[in-house]
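Rule-based calculations on the coordinates, nothing more; no lab input. Just so we're clear, the structure is a prediction, and the values are computed from it rather than from any experiment. Ideal geometry is used to build each Cβ from the backbone, glycine not excepted, and the neighbour counts take in all protein chains shown.
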Amino acid sequence: MKITVIGATGMIGSRVVAEAASRGHTVTAMSRSGAMPDGASQAKAIEFSDTVSIVQEINAADATVIAISPDRAGGPHEPLIEAHRNLIAAKPQRRLLVVGGAGSLEVNGVPLKDSPEFPAAYYKEAATLSEVLDAYRSSNGLSWTMLSPAPMIAPGQRTGVYLTGSDIPAGNTISAEDFAVAVVDELEKPSHTGRRFTVANPNQ
């Protein structure tokens, strides 16, 4: 399978590249820097706001992973939201898997981002990714999936084992390595097209 990863140098993107390559897929790594992460067959520099180029790259692959986080240095988040909206409007023909956030997951009908325990420092990012999710849910004629991590995600061990859920957290934590396993599993055997799902490590 030809897989493109946009945001391929980040914590999640780089692990998706490595996981996909380890299974024999041909991976194109795309990022602002154009750096070549481990496992990539080729790397390209690209801006996510360049909708025309992004759509061309998506349509040239069998599936594309978008693993781009909102600005965490105090910059505006609207450009990321706009880039997703423009991409949705352009209706690329190939499959998309978008890495979402945990803040839009719900407990007793309340999004985690709106619960009293949610860290205020992460609220803006959670709200942005929730808006991105809403945009995909409102789309038509697009083959998309969003995968949200458990509330806590960090580098760790690849076990290859995870639990799945829909809009309710499946557990408290997920290693970035096992999150990448879930991403590539979904690319190989799509079972959540047109919706969001979440993953977590068991017994956490």
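Could you work out the helix-only [θ] at 222 nm for the chain, with each DSSP H run of four or more residues adding -39,500 (n - 2.57) and the total divided by the number of residues, to the nearest 500 deg cm²/dmol? Provide the component values of the computation, followed by the final result.
Working: 5 runs with 62 residues, N = 204.
Rounded to the nearest 500, the figure is -9500 deg cm²/dmol.
With +1 on each Lys and Arg Cβ and -1 on each Asp and Glu Cβ, how big is the dipole of the chain about its Cα centre, in debye rounded to the nearest 20? Could the numbers behind the result be given before it?
On the way: 17 positive and 21 negative charges, 81 e Å.
Around 380 debye, computed over the chain.
With the charge dipole of the chain set up from +1 on Lys and Arg Cβ and -1 on Asp and Glu Cβ about the Cα centre, the Cα lying farthest toward the positive end among the listed residues A67, N201, I3 is that of I3. Counted over the range 2-200, the DSSP beta bridges are approximately 15% antiparallel.
In straight-distance terms, cross-link reach from K124 covers every one of the lysines whose alpha-carbon lies under 24 Å from its own, apart from those fewer than eight places away in the same chain; here that gives K113. The amide H of W144, built 1.01 Å from its N in the peptide plane, has L96, G194 as neighbours under 5 Å, considering only residues 5 or more places off or on other chains. Kirkwood hydrodynamic radius computed over the chain comes to 16.8 Å, based on all pairs of distinct alpha carbons.
Can you give the FRET efficiency to the nearest 0.05 for E47 and R137, using r as the Cβ-Cβ distance and R₀ = 30 Å?
Numbers: r = 25 Å, r/R0 = 0.84.
It comes to 0.75.
For the range 2-14, 3J(HN,Hα) computed residue by residue from phi via the Karplus equation (6.51, -1.76, 1.60; θ = phi - 60°) reads 8, 10, 10, 10, 9, x, 6, 9, x, 4, 7, x, 5 Hz, glycine and proline entered as x.
Between the DSSP loop rule and a limit of at most 13 other Cβ atoms within 10 Å, which trypsin sites (Lys or Arg not before Pro) in the range 63-137 are left? Intermediate values should be presented prior to the final figure.
Values: sites: R72, R85, R94, R95, K113, K124, R137; in loops: R72, R94.
For trypsin sites (Lys or Arg not before Pro) across the range 63-137 that sit outside H, G, I, E and B with at most 13 neighbouring Cβ atoms in 10 Å, the list reads R72.
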